[in-house]
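Quick one: structure below, then a few questions.
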Amino acid sequence: MPRRLLQLPLIVLALCLTLPVLALALSWLQFDAVSAQVLGQMLQTVLPEYTGTSIVLCLSVAAGVALVGMLTASAVTLFDFPGRRHFEWALLLPLAMPAYVVAYAYTDFLQFSGPLQVWLREAFGLRGRVFPEIRNTPGAVWVFTFSLYPYVYLLVRTALAERASQLMEAARLLGAPLGRRIREVALPLARPAVAAGVALALMETLADFGVASYFGIQTFTAGIYKAWLVMDNRIAAAQLATVLLVIVALLLWLEHRAQQRMRFAALRGQRAGSAEAQPALLSGARVALAWVVCGLPILAGFVLPVGFMLRPLVGGWDELPWHMFVQWSLNSVWLAGITMVLAAALALLLAFAVRTQPGPLTRGVTQLASLGYAVPGAVVVVGLLLPVGWVQATWPESSLGYWVTATVLGIVWAYLVRFTAVALQSVQSGYA
C-alpha cells in the first residue's frame, strides 16, 4: 500500500502529460456517420499512399541520422585532431534550425528560379533545369537527416564518453588494435543511445507537417491535417492521430526492447581508480577525413541554410523591424527556458521512479508520457482544448479555460506534452 501511494504522484504527473493523448483516444467514443464516411473515403483513396510514403521516409531518415550521428560522435569522442573541441559544440547547431525552415532555405536557393540555377544558366548558356527538384522524398530525407542527427550525436557522444572510455582503455592495454576496439567495445555500448536517438528523430519525422506540406509529400500527418482543415472534421483528424499514436507506441516498445538486450554493466564507482582513456591521435589525411565527417553535417544542417536565408537581406538590414525581433527573441527565450527547466525536472522524476520502483505501472505511465512527442503540434492543441472545453461546458464558472487559452500556461503545457520525451530519452539513455 505505501508503495502504491508513492506511485500516485507519478500517475498524476503522467496523466497531465498524456491528457491530450487520452482526449484523442476518447474521440472514438464520438464516432458518427460523418466521421465514418470521411475515414472510409480516405482509406479507399489516399491513406495507403500516405502510409507507404511515411514508412519509406522513416526508414530512410532512421538510416541517415544513425549513420551521421554515430560517425560524428565517434570522431569527436574516440579521436583527437585539431579543431575537435570546436566540432563538439558546433555539431549541435542544426538543432537551432527547425526542419521546415531548412526546407524553405534549400528550396529558395536551389529551385528552378533560384539564384544558383539562374546564375549557372546565364554563365554557361545552359537551358532548362540544372539540378533535380529538391521538393520530393529524397529532398525531405536530406533535410530531416541533417536537421535531426544531433539527437543521435548527443546521446552517442555521452554514451561513449561516460561508458566506453574505461573499457576502450582496458582493451588498448590488452593490445587490441583500434579497429577492433571500436567494433567490439564502442559500437555495442553505443547501441542503446543510437536506438534512443533514432526513436526521437523518427517521432519528430512522424509529427512533421511543415516539410511534408511544403515539399508536397503525402505523409500520414498530412492526412490528419487534411481531415481536420480540408474536410472540416476534427473528430476524424483526432481518430487518425490515434492511429499514429499506435505506431509510435510500437516504436517505443521496440526501442525499449533493444535497450533491455544491450545493457552492459559499468562499474562507475571504480572510475576514480581507473586509467583515463586517451583519444587516438590522428595525423595527415586522417585529420582531413575527420574534418569532412564533422564539417559536412554542420555545413548542410546549419551554415548553408543560414547563408541562404541571409542572402536576400544583404543591403536591406535597415528595413528590418529590429525592435520587434528583440521582443520576439525575449519571448522565445523565456518560454524555452521555462519549458526546459520543467521538462528536465519531469524527466528526472519519471526516470528515477522507473529506476527505483520498476514495474509494469511505472514503465507504462512513463511510456505514455512519451507519446505526445509524435503528435503534430496543432493536434496536441486540439487534444488539449477538448477536455478544457468539456470542463467549461460542465462547470461554466470555472476559470480553467482562461488560464489555458489566455496565458502562457497552455503553451507551456503543450510544449511539455511534446518535448518531455526528449529529456526523458536522454536521462534514460544515461541510466541504460
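Which number in (1) at pLDDT below 80; (2) assigned by TED's automatic domain parsing to the domain that holds A344; (3) touching a Leu at 6+ places or on another chain (Cβ under 9 Å); (4) not polar (S, T, N, Q) marks the one condition that L39 misses?
L39 satisfies all of (1) at pLDDT below 80; (2) assigned by TED's automatic domain parsing to the domain that holds A344; (3) touching a Leu at 6+ places or on another chain (Cβ under 9 Å); (4) not polar (S, T, N, Q) except (2).
Another question, if that's okay. Exactly one of (1) modelled with pLDDT of 90 or more; (2) under 30 Å from F215 (Cβ atoms) is unmet by L24. Its number?
Among (1) modelled with pLDDT of 90 or more; (2) under 30 Å from F215 (Cβ atoms), the lone unmet condition for L24 is (1).
Now for a separate question. What number of residues in segment 282-331 are polar (S, T, N, Q) and under 25 Å from V76 (Cα atoms)?
Of the residues in that region, 1 qualify.
What pairs can you find where one residue is in segment 177-188 and closer than 15 Å to A280 by Cα and not assigned by TED's automatic domain parsing to the domain that holds V76, the other is charged (D, E, K, R) and buried (at least 20 other Cβ atoms within 10 Å of the Cβ), and their Cβ atoms are less than 9 Å apart, with a gap of 6+ or different chains?
Once the first residue is closer than 15 Å to A280 by Cα and not assigned by TED's automatic domain parsing to the domain that holds V76 and sits in segment 177-188, no partner that is charged (D, E, K, R) and buried (at least 20 other Cβ atoms within 10 Å of the Cβ) comes close enough.
Look through L71, L13 and report the one residue that is assigned by TED's automatic domain parsing to the domain that holds L409, in contact (Cβ under 8 Å) with a residue 12 or more places away in the chain and within 23 Å of the chain's Cα centre (by Cα).
L13
For A123, are the conditions met, namely being within 26 Å of D208 (Cα to Cα), among the small types (G, A, S) and either buried (at least 17 other Cβ atoms within 10 Å of the Cβ) or assigned by TED's automatic domain parsing to the domain that holds G179 (or both)?
Spelling it out, it is not the case that A123 is within 26 Å of D208 (Cα to Cα), among the small types (G, A, S) and either buried (at least 17 other Cβ atoms within 10 Å of the Cβ) or assigned by TED's automatic domain parsing to the domain that holds G179 (or both).
The rows are residues; the columns are (1) within 25 Å of L29 (Cα to Cα); (2) in a helix (DSSP H, G or I); (3) in the same structural domain as I134 (by TED's automatic domain parsing).
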{"residue": "Y214", "(1), (2), (3)": "no, yes, yes"}
{"residue": "Q218", "(1), (2), (3)": "no, no, yes"}
{"residue": "Y225", "(1), (2), (3)": "yes, yes, yes"}
{"residue": "A236", "(1), (2), (3)": "yes, yes, yes"}
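Do we find a residue being under 15 Å from T77 (Cα atoms) and at pLDDT 90 or above anywhere in segment 128-145?
Scanning segment 128-145 turns up no residue that is under 15 Å from T77 (Cα atoms) and at pLDDT 90 or above.
List, please: which pairs have Cβ atoms under 9 Å, are six or more places apart or on different chains, and start with a residue in segment 95-112 that is free of Cβ contacts under 8 Å to residues at least 40 places away in the same chain and end with one that is among the aliphatic types (A, V, I, L, M)?
From segment 95-112, the pairs are L110/L116; L110/I134; Q111/I134; F112/V118; F112/V130.
Filter segment 392-412 down to residues that are modelled with pLDDT under 75 and not polar (S, T, N, Q) and give me whichever is surrounded by the most Cβ atoms within 10 Å (Cβ to Cβ).
It comes out as V404.
The values are calculated or read from the model by the stated rules, or taken from the named source; none is laboratory data. Just so you know, these numbers come straight off a predicted model, no measurement behind them. Reconstructed Cβ throughout: ideal geometry from the backbone, glycine too, with neighbour counts over all protein chains shown.
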